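Here the structure is laid out as structure tokens; the discussion comes afterwards.
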Amino acid sequence: MQICLSGSMAAIGQIEALGKALRALGHVCETPARGTAPDMAPRLEGLTGQAAKAVFVADHLDKMRRSDAVLIANFDRNGVGGYVGTSALLEAGMAYALGKSLFVLHLPGRADVAGDLAALGAICLDGDLAKLTG
């Protein structure tokens, strides 16, 4: 399955490690772009703030379009188990709008976010990558 990983950029190292684990299971994975990536640097030249963020959003949306599924990699953050931030929730909505299968790695720590993701049809993997189906 081709999977686009989404999550907090504060956890980019964990997200990239998750991508590596999924590739070892035979999946094709796309991870969020770092600003230092060779293909991103020219696209970000001269941009700051919201304009730069818009480039990252467009890049990630393209990755979602190419994928079969989106996996929200919601690692613990700031004392919140299964943290899902604003950007990841926005990306879950994009996945829903694109008709992609939607997964969440861990049960979200906030009930309101868990409810929003459930309304979008997100399937919680409870940390078990073997539960991925598409």
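The values are calculated or read from the model by the stated rules, or taken from the named source; none is laboratory data. Predicted model, so just to flag it, every value in this text is computed and none were measured. A quick note on method: Cβ atoms are made from the backbone with ideal geometry, for glycine too, and the neighbour counts reach across all protein chains shown. Areas reflect the complete protein model, heavy atoms only, side chains present, ligands, DNA and RNA absent. Shrake-Rupley method; radii C 1.70, N 1.55, O 1.52, S 1.80 Å.
Would you mind getting the accessible area per residue of the chain, heavy atoms of the protein chains only, 1.4 Å probe, in Å²?
With the other protein chains kept in place, the chain gives 51 Å² per residue.
For Asp39 and Leu98 in the same chain, what is the full-extension length gain: residue separation times 0.36 nm, less their Cα-Cα distance, in nm? Write down the numbers at each step before the final one.
Working: separation 59, 0.36 × 59 = 21.24 nm, distance 2.45 nm.
Additional length available on full extension: 18.8 nm.
What is the set of long-range amide H partners of Cys124 at a cut-off below 5 Å, with H atoms built 1.01 Å from backbone N?
Long-range HN contacts for Cys124: Val104.
Give the residue list of trypsin sites (Lys or Arg not before Pro) in the range 14-86 that are DSSP loop and have at most 14 other beta-carbon atoms within 10 angstrom.
Numbers: sites: Lys20, Arg23, Arg34, Arg43, Lys53, Lys63, Arg65, Arg66, Arg77; in loops: Arg34.
The qualifying sites are Arg34.
Taking the Cα atoms of the range 1-57 alone, what are Rg (to one decimal) and Dmax (as a whole number) in Å?
12.8, 39
Is there a pair in Lys63/Lys131; Lys20/Lys100; Lys63/Lys100; Lys53/Lys100 whose C-alpha atoms are over 19 Å apart, and which pairs would that be? Don't skip to the answer; put the middle values down first.
Working: Lys63/Lys131 22 Å; Lys20/Lys100 21 Å; Lys63/Lys100 12 Å; Lys53/Lys100 23 Å.
Where the Cα-Cα span goes over 19 Å, the pairs concerned are Lys63/Lys131; Lys20/Lys100; Lys53/Lys100.
Averaging sequence separations of C-alpha pairs under 8 Å and six or more residues apart, then dividing by the length of the range 1-53, give the relative contact order as a whole percent.
35 percent
Measure nothing fancy, just the Cα-based angle from helix 49-66's long axis to the longest principal axis of the chain, in degrees from 0 to 90, nearest 10.
For 49-66 against the chain, the angle is about 50 degrees.
How large is the helix-only mean residue ellipticity at 222 nm for the chain, computed as the sum of -39500 (n - 2.57) over DSSP H runs with n ≥ 4, divided by its residue count, in deg cm²/dmol to the nearest 500?
Values: 5 runs with 56 residues, N = 134.
Rounded to the nearest 500, the figure is -12500 deg cm²/dmol.
How big is the charge dipole of the range 19-132 about its Cα centre, in debye rounded to the nearest 20, if each Lys and Arg gets +1 on its Cβ and each Asp and Glu gets -1 on its Cβ? Intermediate results must be reported in sequence, preceding the final value.
Working: 12 positive and 12 negative charges, 36 e Å.
Charge dipole of the range 19-132: 180 debye, to the nearest 20.
Could you point to the residue in Gly13, Leu125, Ala41 farthest towards the positive end of the range 1-129's charge dipole, with +1 and -1 charges on the Cβ of Lys/Arg and Asp/Glu respectively?
The listed residue farthest towards the positive side: Ala41.
Which value results when the Cα radius of gyration for the chain is divided by 2.2 N^0.38 Å?
So the chain has a normalised radius of gyration of 1.01.
For Gly7, enumerate residues with amide H under 5 Å from its amide H, sequence gap 5+ or separate chain, H modeled in the peptide plane.
Residues meeting the criterion, in which the H sits 1.01 Å from N, are Ala73.
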